[in-house]
Each structure stands twice: as structure tokens, then as C-alpha cells.
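Just so it is clear, none of the values below were taken in a lab; they were calculated from the coordinates. This is a predicted model, so every value here is computed, not measured. With ideal geometry, Cβ positions are generated from the backbone for all residues, glycine too; neighbour counts draw on all protein chains shown.
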Amino acid sequence: MTSSNSSKPQINAFREQILNAAKTNTPLSIEGGGTKCWYGNPNQFEKLDTRSYAGILEYQPEELVITACTGTPLKEIEAALKEKNQVFAFEPPHFGEKATFGGAIAAGLAGPGRISVGNFRDFVLGARILDGKGQDLAFGGKVMKNVAGYDVSRLLPGSMGTLSLLLEASVKVLPKPAATVTLRCQISQGAALKVLNEWAGQPLPLSASCWIGNDKDADGELTIRLAGAAAAVKAAIPLMSSLVNAHEISAETAETFWNDLREQRLSSFNNLGADQTLYRLALPAACGPLTIPNSSNDVVLEWHGQQRWIKATGDETTFTSIKKLANSHGGHATRFRQGANVNPSFERFTLLSEQAHSKALEAVQARLRSAFDPAGVFATKRLP
């Protein structure tokens, strides 16, 4: 669906840059604040800077929807939501003060709240883009009931700017929970995983969890967040506290912790060695503790154990071992962040059970890219 209001100078400038790149067969690397430029495969292509197209276009608190331009600072949008006591419930990480709305969507990353509310993709209602032919297109809408047209807007989160230039997006927001309490205790990794899986199957207001320790299953620190109706949170505190001997931490300490976890500022993420890699493991909920080869023993478990962060050597042998280990448990591994001396390639490992479908998926992806970007303007290979 072609969008109106396409005469803005910024959009015309974007279109001209895209058409020039198509003529010269030179890809453009889309970039906002550059806070996630390390994420994905590196490239040296000409930058298309989105920050000149910024601003909140429409915010309907009563409809739980906000629409903004791609170059809008993420903190500006979150500040507007805060004034109306609303939030991005999936808690997208910033990784820097200059993070933009478009960059957050392109990365498609979510924070601690993802386990209870869903991913970024689940909240995008509509999008306006410029494709590789310079066409101004719009998909979706600004209300949850809109199902007209192809759901192209859901393809953009996590695409890392390799499909099109995102101009604007409409994203669903949620009210801030009426009550939030954070509990903490000392517990082994195995016991933490067991109790988290039990709680996840019960009607408890468990919105986030994080276990920090090592892969030897020694006692570590489990932090859990309860959020929702005040009565539900109040009723859950004594039950959960008694089962794991947890204590409540202050609201200020809790806010700092969850923000630092989201932004990977905790000590377990810091001091990545020059020869190390920060691996992200996505695993089934029932997966127990794992022993990671050549790791630093530091382990961070999020999403009730379904997302795990491991620091280990960045060589191919170690990565292959980690991939096989994750795959043997029905999960997969990703090189998330690399040390200075490590091959900077970004790689995701597909489950063996999915490989039979990979050829068909590759064909679909190729047709999709050809339709949106026939000249390869956005083919930067940032996303493998």
C-alpha cells in the first residue's frame, strides 16, 4: 500500500541516496545512533543516517499505540510513555544514549520482560518503509484489529536493515504494572531452573527472572520480578519467598539491577577478553544446567533459563562444541559479541530438525529480498 505524505525533504533525500546506490550497485548500511553497530556482521559500506527523520508522529495513550519516525531517540519515546504511565513491556535494550527507535526495531532485541509479554515483533502494528526501488510503502495499521494487507511490518524487527529502510512504525504499548516487587535468594542453578519452570506453569505474576553464577551448579544468585495487580503481587510474595528463602530488595536497587541486566552492564557481561566471545544460547524451558567447554564459568540465565549468556573462547572449535551442545538439547547458539582478537563474523546455528526446511526458506527469503530490494541496496550481509 503506497503511503501519502511522501514529500518531506528527509524522505526525498533518503530516496535519492537509495536510487544512487542502486545505480552504482553499492549497498548502503543503515545506521541511527550506532549503539548496536557491533551487532551482526561488520561492513564498510556507505552509511545511510536515519537521525534526520525524527519525532513522535502520533501517540494515543487510550489506544495503547505510539507512532514515531525511525530516527527518534528511544529515550525520548520512553519519556513520553512514562508521562502517561505506559511502557514498552518487552524492554528493548539501548546499549547507549544515542539509541534510536528504528535501531531498536532493526535489532529486534528484547529485555527481561520478554518472557512474560512476548518479543518486539509481537508489538509492531504497522510500518512505513522505502524499498530498494525508492518506493514509499506502508503496511499494517495503528490498531490491533487491523489485518489488512501483508504483515510485512512483522518482518522488520531483527532484519538489521537488510530488507528496506524503515521510516516510521506504530508499536503497541502497555500500562505500567500497578505493583512491582523484586525478590532475591541464593540457590543452585539446577534448583533455580526447577522452581522457575514450576512457577511459570502457575497463575503467578512472574514477569522476569535472572540467575547469575557458574556452570558448575554451585549456589548463585536468583533474582525474580513480580509485576501486575497489587493484590496478585502481594499474595505471591509469601508463597514464593517461602519456597526459595528469598528476601525483597528495595525498589531503587531492583530498578538498577533490571536496567543493568537489560543493557548488559552487569559484571558477568563486562571485561570480555580479547580472545573471548559472549555467546547467547536459546534453549527449551526444560533444559537443565550445562557445562560449557572453555568457558569462564560465568553464567547468566534469563527468561526462566530459556536465554543463557556464556563467556568462552572465541575459536571455531569452541563455537562448534557450543553449537552441538545447544543443538543436542533442542536449542541453538549465537555469537553475540566478540573480543578484539576474535573473527567478527556473526553466526546463528539452525537446529538440525530445521535444516530440512532451510532450502525452502532460503527460496522464500530470496524472493522476498528480490521483491523489496532487486538491486541489493541493503545487501550488507549484516544478517547472515
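Magnitude of the charge dipole for the stretch 267-350, about its Cα centre and with charges confined to Cβ atoms of Lys, Arg (+1) and Asp, Glu (-1), is about 180 debye.
A crude spin-label estimate for the pair Ser267 and Gln365, with each label 7 Å from Cα along the Cβ direction, gives 4.0 nm. If R0 equals 25 Å, the separation of the Cβ atoms of Ala179 and Asn41 corresponds to a calculated FRET efficiency of about 0.05. With each label modelled as a point 7 angstrom along the Cα→C-beta vector, the Asn119-Asn259 pair spans 2.8 nm. Of the complete DSSP H runs in the chain, those spanning 20 angstrom or more by Cα along the long axis with a mean Kyte-Doolittle score not below 1.0 are 230-244. Here's the picture: charge each Lys and Arg Cβ at +1 and each Asp and Glu Cβ at -1 in the stretch 179-262, and of Pro238, Gly213, Ala192 the one pushed furthest to the positive end of that dipole is Pro238. For Lys194, the aspartates and glutamates whose Cα falls under 13 Å of its own Cα, not counting residues fewer than eight places away in the same chain, are Asp217.
Cross-linked pairs Lys8/Lys176; Lys84/Lys381; Lys23/Lys381; Lys36/Lys172; Lys47/Lys324; Lys36/Lys84: Cα-Cα separations exceed 30 Å for Lys8/Lys176; Lys84/Lys381; Lys47/Lys324. If R0 is taken as 25 Å, the Cβ-Cβ distance between Lys194 and Glu97 corresponds to a FRET efficiency of 0.05. When a/c reaches 1.5 or more, the comparison of a/b and b/c decides; with that in mind, is the stretch 1-88 rounded, prolate or oblate per its Cα gyration tensor? It is oblate, given that a/c is not under 1.5 and a/b is not larger than b/c.
Dipole magnitude for the chain: about 660 debye, using +1 per Lys or Arg Cβ and -1 per Asp or Glu Cβ, origin at the Cα centre. Each Cα pair under 8 Å and six or more residues apart adds its sequence gap; the mean of these over the residue count of the stretch 5-175 is a relative contact order of 24 percent.
Quick check: from the Cα gyration tensor, does the chain come out rounded (a/c under 1.5), prolate or oblate? It comes out oblate by the Cα gyration axes. Projected label points at Asn12 and Asn327, each 7 Å from Cα along the beta carbon direction, are separated by 5.3 nanometres. Each Lys or Arg adds one and each Asp or Glu takes one away; over the other residues whose Cβ falls under 10 Å from the Cβ of Asn259, this sums to -2.
Remark: the Glu63-Asp49 segment gains 1.9 nm on full extension, using 0.36 nm per residue and subtracting the alpha carbon distance.
Shown here: the stretch 179-262, whose C-alpha atoms stretch 38, 27, 19 Å along the first, second and third principal axes, sorted largest to smallest.
For the pair Ala79 and Ala274 in one chain, pulling the backbone fully straight at 0.36 nm per residue adds 66.6 nm over the alpha carbon distance.
Summarised as an ellipsoid, the stretch 5-175 has semi-axes of 25, 18, 15 Å, derived from the eigenvalues of the Cα gyration tensor scaled by 5 and square-rooted, with the largest first.
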